[in-house]
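The values are calculated or read from the model by the stated rules, or taken from the named source; none is laboratory data. None of the values given here were measured: they were computed from a predicted structure. Reconstructed Cβ throughout: ideal geometry from the backbone, glycine too, with neighbour counts over all protein chains shown. These area figures cover heavy atoms from the full protein model, side chains too; ligands, DNA and RNA do not enter into them. Shrake-Rupley method; radii C 1.70, N 1.55, O 1.52, S 1.80 Å.
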Amino acid sequence: MNTPSWLRLWSRRFCALVLLISCLVARAQQSAPANTTATPAAPTTATASAKIPGIFVCGDSTAKNNGKGAQGWGTAIDAYIDPGKAKVNNVAHAGTSSHTYYDGDWPKVLPQIKSGDYVLIVFGINDGGLRTPPGLDDDTHEVTNARTQQVESVHTYGWYMSKMATDAQAKGAHVYLLTVTARDIWTNPKAVFRDATITSQEDGYTTAEDKVDRANWGRYPQWTKDVGAKLHLPVLDLTNIQAEKMEKMGREAVMANYLDHNHTTPAGADIVASCVVSGLKAFKNSPFTALLSQKGKDLQATDAKYVTDNLASADVAPAKTTDAKPATATATPSTK
């Protein structure tokens, strides 16, 4: 049967129309904008870390020493901090003083600090031996470098502590000054010690009279407190917090956690870290409370006498006033 010519013509035109429509649909699909309602990708670990504050530990080997069985408290403190709320950056460096740390490490540490971070600064253990000029003045002093034996012009301990603190503050960080860690050096009126070991003793000696030798640090704890008072920075008296804890533990128990009179075992580092954290919790409205792990939360805050907020007058709320009229008589000062 022959197909009429008009039907063949209509069929060809219909096929051409279908082909044209198919091409237009395909082209429209290729040029369509991407789906803007897609679920965003989960943030990377690096992105999440950038949003939480850092806790920078700036110090010497008492804060960071991981060799030959030793460990610093700046490593042990990590267990007291919730990693989802803050990140500990132990940037301490063994063998440094306030001066050598400022010259060598600080230029690399400072760029890492961002607004909202916390910076803990503790030096003094090596400043005497490395001949940092003592005191707080801003003058430069000519001293012979203990390592190179070259004469150089350097600043005082107080100047370096102040400069690192103000540098960090300029980045928007919260700075806390810590006095030096207590050494495992003891005294007793009826015994002679070499660090924590008895070399001789008199009749009547008792361990109850063993006391940590607080005097061996000279004036570094006080100079640290003076810097804090001058700059209105919070100061944690780690020296006495730790010494009190050591005396409660007893000399022989403490000795088991030290490799020498300065450097702690991992267990000893944890003891010092607990002193630091208990002190940080004792500050008024302490921001560290919200950053702690369960281990940190379980730790009791230290006695408030060991921390000084050093609030500037602008940070202190004015006293409430009343409408009562002032008394006309002058009060006699108390003689108690």
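Here residue 196 meets the list (1) touching a Ser or Thr at 6+ places or on another chain (Cβ under 6 Å); (2) over 25 Å from residue 277 (Cα atoms); (3) open to solvent by less than 10 Å² (accessible area, probe 1.4 Å) almost entirely, failing just condition (1). Being in a helix (DSSP H, G or I), aliphatic (A, V, I, L, M), in contact with a Cys (Cβ under 6 Å, 6 or more places away or on another chain) and under 30 Å from residue 295 (Cβ atoms) is true of residue 241. I'd like to know if segment 100-114 contains one or more residues that are among the hydrophobic types (A, V, I, L, M, F, W, C), in contact with a strand residue (DSSP E or B) (Cβ under 8 Å, 6 or more places away or on another chain) and without any contact (Cβ under 8 Å) to a residue 24 or more places away in the chain. Looking through segment 100-114, none of the residues is among the hydrophobic types (A, V, I, L, M, F, W, C), in contact with a strand residue (DSSP E or B) (Cβ under 8 Å, 6 or more places away or on another chain) and without any contact (Cβ under 8 Å) to a residue 24 or more places away in the chain. Which pairs do you get when a residue that is over 10 Å from residue 158 (Cβ atoms), found in segment 220-234, comes within reach of a residue that is open to solvent by 20 Å² or more (accessible area, probe 1.4 Å) and of a type in the set (Asp, Glu), reach meaning Cβ atoms under 7 angstrom, with the pair 6+ apart or on two chains? Pairs found: 234/309.
Only a single item in (1) open to solvent by less than 30 Å² (accessible area, probe 1.4 Å); (2) part of a loop (DSSP other than H, G, I, E, B) is not met by residue 205, and it is number (1). Looking across segment 149-167, the residues that are in a loop (DSSP other than H, G, I, E, B) and either open to solvent by less than 80 Å² (accessible area, probe 1.4 Å) or among the charged types (D, E, K, R) (or both) come down to 155, 156.
Conditions tested, residue by residue: (1) crowded, with 17+ Cβ neighbours inside 10 Å; (2) of a type in the set (Phe, Trp, Tyr); (3) farther than 30 Å from residue 84 by Cβ; (4) modelled with pLDDT of 95 or more.
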{"position": "217", "(1), (2), (3), (4)": "yes, yes, yes, no"}
{"position": "239", "(1), (2), (3), (4)": "yes, no, yes, yes"}
{"position": "242", "(1), (2), (3), (4)": "yes, no, no, yes"}
{"position": "268", "(1), (2), (3), (4)": "yes, no, no, yes"}
{"position": "276", "(1), (2), (3), (4)": "yes, no, no, yes"}
{"position": "283", "(1), (2), (3), (4)": "yes, yes, no, yes"}
{"position": "291", "(1), (2), (3), (4)": "yes, no, no, yes"}
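Looking at 92, 76, 146, which one is assigned to a loop (DSSP other than H, G, I, E, B) and buried (at least 21 other Cβ atoms within 10 Å of the Cβ)? First the steps, then the outcome.
Numbers: 76 fails: assigned to a loop (DSSP other than H, G, I, E, B); 146 fails: buried (at least 21 other Cβ atoms within 10 Å of the Cβ).
Residue meeting the stated conditions: 92.
Of all the residues in segment 168-184, those that are open to solvent by 30 Å² or more (accessible area, probe 1.4 Å) and either among the polar types (S, T, N, Q) or in contact with a helix residue (DSSP H, G or I) (Cβ under 8 Å, 6 or more places away or on another chain) (or both) number 4.
State whether one or more residues within segment 258-266 are out of contact with any Pro (no Cβ under 7 Å at 6 or more places or on another chain), modelled with pLDDT of 95 or more, buried (at least 20 other Cβ atoms within 10 Å of the Cβ) and in a helix (DSSP H, G or I). So far as segment 258-266 goes, no, none of its residues is out of contact with any Pro (no Cβ under 7 Å at 6 or more places or on another chain), modelled with pLDDT of 95 or more, buried (at least 20 other Cβ atoms within 10 Å of the Cβ) and in a helix (DSSP H, G or I).
Candidates 227, 212: the one that is open to solvent by less than 50 Å² (accessible area, probe 1.4 Å) and within 24 Å of residue 191 (Cα to Cα) is 212.
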